[in-house]
Amino acid sequence: MALFDYTGLDSSGRKIKGSCDGSGQRAVIAKLRQQNIFVTEIAAAGSKSGGNLLSRWRTPQVPLEELSIATRQLATLLSAGLSLDEAINTVASQIEKQHLAAIFNRVHEAVVEGEPLHLSLAAEGKLFPNIYISMVEVGENSGTLDQALANLADLLEEQARLRNRITAALAYPVLMAVVGTGVLLFLVGFILPKVTRMLIDLDQVLPLPTRMLIAASNLLHDYSWLIFGLLFVILFLVRRWASSDKGRLILAQWRLKLPLIGRLNLLIATSRFSRTLSTLLQGGQSLLRALDITGKLLDNIVLQQAIDRAASQVREGTSLAEPLQKEKLFPAMLIQMIAVGERSGELEQMLRRVADTCDQQIEMSINRLLALLEPIMILFMGGAVGFIVLAILLPIFQASQSLG
């Protein structure tokens, strides 16, 4: 028997932590489930965060698009009348990625042995998000597993579509920045040293831009190892600070207050919060449990804490709109639509409308940001190249004038 540390939710949706012994993760999850504890995280007792990070580095992550496709196939097969083990086996045989196919094969073996699907998925660690396991559990308990999987597939597809739109929009400016920076470093580090020797041989007082360029070229050429070493150390220290509680909090606040980008980050978080909460409520989850799961999916600790405080007040009997409004973080549109949904009993539909509206605003915000970013990058790169050309031509022009 081994001891495992776990984090989970009790029957009232309250977050709890503890330890439990068992022959394996799956046995511990099943044992806790009998005690009405839904496990969200589990690891061998004594394992440190560094070990978990190493484990995540070694284990390939499941791409969102592939998981959504597999989920859609599983929902379709179940709705067509196939048994659960047959549907999982069929999906596993059709998956091209070996890693994901191996996961579904392990899940299939556990289901054949009599394990519930949601516990089989939870035994795979963090490969399946909490919302996925929770929705599957609700679907199994209510006899609507095919519909729960269809709702999950819709959610995953929307998340993948939004991520792809953002990635595609940022691809050009990122590529332009990388290529431009690489060209400048190549010019200053390798081409300019040859040109500067010719300029020094002119045996005249060089203009200030030329002296600055020669100093930068010499610094990069002679001390490149020191510069890149310092950059590596600075990056390591920044990442370490950013992983601390204080650093995470400061960065989260900063990300929400940045001009233009802060609004975009808030829209993305609002879209994810609204769509996920709508999917969970539509799948039969209680509001408290849905809030707990949704809060963990956001990558901003400030918003996570705001949702946790709102959930605490909802547990005491208040509406959801009221504590969210007091936080003064989320857009007014979200607060208003939640208030309307709570009064009309159509909270799920209102949240989905908020998510659709946020997605449209995200696309417009990205287009505006790119329209501003591209000319700034062109001006910066043009200015850098112009400075280099000016620094090279000035002493040549002076030399030609003195010869004339």
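The values are calculated or read from the model by the stated rules, or taken from the named source; none is laboratory data. Note that the structure is a prediction, hence the values are computed from the model and not measured. Every residue, glycine among them, receives a Cβ derived from its backbone with ideal geometry; neighbour counts consider all protein chains shown.
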Residue 401 assigned to a helix (DSSP H, G or I) and under 30 Å from residue 195 (Cβ atoms): yes
From the options 354, 340, residue that is closer than 16 Å to residue 274 by Cβ, more than 26 Å from the chain's Cα centre (by Cα) and not acidic (Asp, Glu): 340
Selection from region 65-109 of residues that are surrounded by fewer than 19 Cβ atoms within 10 Å (Cβ to Cβ), in contact with a Ser or Thr (Cβ under 9 Å, 6 or more places away or on another chain) and either acidic (Asp, Glu) or in contact (Cβ under 8 Å) with a residue 24 or more places away in the chain (or both): 99, 109
Search result, residues across region 316-353 that are of a type in the set (Lys, Arg) and in contact with a helix residue (DSSP H, G or I) (Cβ under 6 Å, 6 or more places away or on another chain): 352
Meets criteria (more than 25 Å from residue 157 (Cβ to Cβ) and at pLDDT below 85) for residue 245: yes
Scope region 139-150; condition part of a helix (DSSP H, G or I) and either out of contact with any helix residue (DSSP H, G or I) (no Cβ under 6 Å at 6 or more places or on another chain) or surrounded by fewer than 21 Cβ atoms within 10 Å (Cβ to Cβ) (or both); matching residues: 140, 141, 142, 146, 147, 150
Filter result for residue 331 (under 30 Å from residue 192 (Cα atoms), in contact (Cβ under 8 Å) with a residue 40 or more places away in the chain and either out of contact with any His (no Cβ under 9 Å at 6 or more places or on another chain) or aromatic (Phe, Trp, Tyr) (or both)): no
Any hit, region 314-321, residues being farther than 25 Å from residue 262 by Cα and in contact (Cβ under 8 Å) with a residue 60 or more places away in the chain: yes
Pair list, Cβ under 7 Å, 6 or more apart: region 228-246 residue assigned by TED's automatic domain parsing to the domain that holds residue 301 and closer than 20 Å to residue 302 by Cβ, other residue in a helix (DSSP H, G or I) and modelled with pLDDT under 90: 241/247; 242/248; 242/251
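Residue by residue, here is whether (1) in contact with a Ser or Thr (Cβ under 9 Å, 6 or more places away or on another chain); (2) surrounded by 17 or more Cβ atoms within 10 Å (Cβ to Cβ); (3) in contact (Cβ under 8 Å) with a residue 12 or more places away in the chain; (4) assigned to a loop (DSSP other than H, G, I, E, B) holds:
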position: 323; (1), (2), (3), (4): yes, yes, yes, no
position: 341; (1), (2), (3), (4): no, yes, no, no
position: 356; (1), (2), (3), (4): yes, no, no, no
position: 367; (1), (2), (3), (4): no, no, yes, no
position: 371; (1), (2), (3), (4): no, no, no, no
position: 375; (1), (2), (3), (4): no, no, no, no
position: 382; (1), (2), (3), (4): no, no, no, no
position: 385; (1), (2), (3), (4): no, no, yes, no
Criterion (in a helix (DSSP H, G or I) and surrounded by 13 or more Cβ atoms within 10 Å (Cβ to Cβ)) met by exactly one of 240, 211: 211
